[in-house]
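Reading through the structure tokens given below for one structure.
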Amino acid sequence: MSSLHPDEIRKILLGFWDSALEIASTKKGLSLAVPLCYPDGWQVVIDLNPLTPKAVRLSDGGKTLHWLVGSGQNIDTPAIHALFNEKIKAFEMVQDGWELYRDVAWPLDASQVQLFGEGLVALSYLNYLYEPMVKAANVARQTLEKVFHERKLEIRPNHRLDGRVEKKITVDYFVKPLRPVAFQVLGRRGPITGYMEQWGFRWRDLRDADPALLPAMIYDPDVQEIDGTALAIGEAGCELFCPYYETNKIHDLLDLAKRN
């Protein structure tokens, strides 16, 4: 095999890595699509944002945990939680809500980017180590599904929508009596400001792609801590942001979607 030579193999691999790497400017810094993939085949994207003249932050923008939970894994089970924390520590990451990040020195050491990306992939594969446990009854979800049943609506659970920037955004429920309505049920416990910041961006992105879309988020005040910031983000980004028991508001939104 005449081409089986170290220099030739190096050339082939460097060519692939060069073509797979994409770098784009963002409002805060840079976005890097690196030669690594999540289990579903989507490329790992890392945000690189300056902190100080001597430090930068590597961040996944919340994509990894959102993918893991969206794929059906319950990261709150004891087994998954222990493995999750173990990998977070091993790859020297920090979790802030859905976001995973690592602050590194500048000038940048390329190995830090590689290790951070490998850590994200390692975390995503937790989905295949244990069968997801059945989640506790979610009264907000049950109430919303009861409204759908009463109105005899055809729903599309775990539906994917494309924004202008972010593609394949999964919403819990999608219905289209006339205007499209996307529902997201808050399942995260405790403070949710970071989670709401993430969804605030997503709702704006989705509405930029489809101005007719009516976003709705339903929460359980006994489970989520809705502070002033989270409330402001929810009300600004959604057509409806309310607790699950205000079913009259859910019906009003669906009536609006049916009329227009």
Evaluate the range 195-215: report whether one residue or more is within 22 Å of residue 249 (Cα to Cα), surrounded by fewer than 23 Cβ atoms within 10 Å (Cβ to Cβ) and modelled with pLDDT under 90. no
The one condition residue 188 fails out of (1) under 30 Å from residue 24 (Cα atoms); (2) of a type in the set (D, E, K, R); (3) at pLDDT below 90 is (1)
Look at residue 60 and say whether it is surrounded by fewer than 17 Cβ atoms within 10 Å (Cβ to Cβ), of a type in the set (Asp, Glu) and out of contact with any Ser or Thr (no Cβ under 7 Å at 6 or more places or on another chain). no
Show the residue pairs meeting these rules: Cβ distance below 7 Å; 6+ apart or different chains; first residue within the range 223-249 and among the acidic types (Asp, Glu); second residue part of a helix (DSSP H, G or I) and modelled with pLDDT of 90 or more. 239/253
Condition check: touching a strand residue (DSSP E or B) at 6+ places or on another chain (Cβ under 7 Å), within 23 Å of residue 100 (Cβ to Cβ), among the hydroxyl-bearing types (Ser, Thr, Tyr) and not assigned by TED's automatic domain parsing to the domain that holds residue 31. Does residue 170 satisfy that? yes
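Per-residue answers, yes or no, for (1) surrounded by fewer than 16 Cβ atoms within 10 Å (Cβ to Cβ); (2) within 19 Å of the chain's Cα centre (by Cα); (3) assigned to a helix (DSSP H, G or I):
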| residue | (1), (2), (3) |
| --- | --- |
| 73 | no, yes, no |
| 81 | yes, yes, yes |
| 86 | yes, no, yes |
| 92 | yes, no, no |
| 100 | no, yes, no |
| 104 | no, no, no |
| 108 | yes, no, no |
| 111 | yes, no, yes |
| 114 | yes, no, yes |
Any residue in the range 239-249 that is more than 18 Å from residue 159 (Cα to Cα), part of a loop (DSSP other than H, G, I, E, B) and modelled with pLDDT of 95 or more? yes
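The values are calculated or read from the model by the stated rules, or taken from the named source; none is laboratory data. It should be emphasised that the depicted structure is a prediction, and the values quoted were computed from it without experimental measurement. Note: ideal-geometry Cβ built from the backbone for every residue, glycine included; neighbour counts use all protein chains shown.
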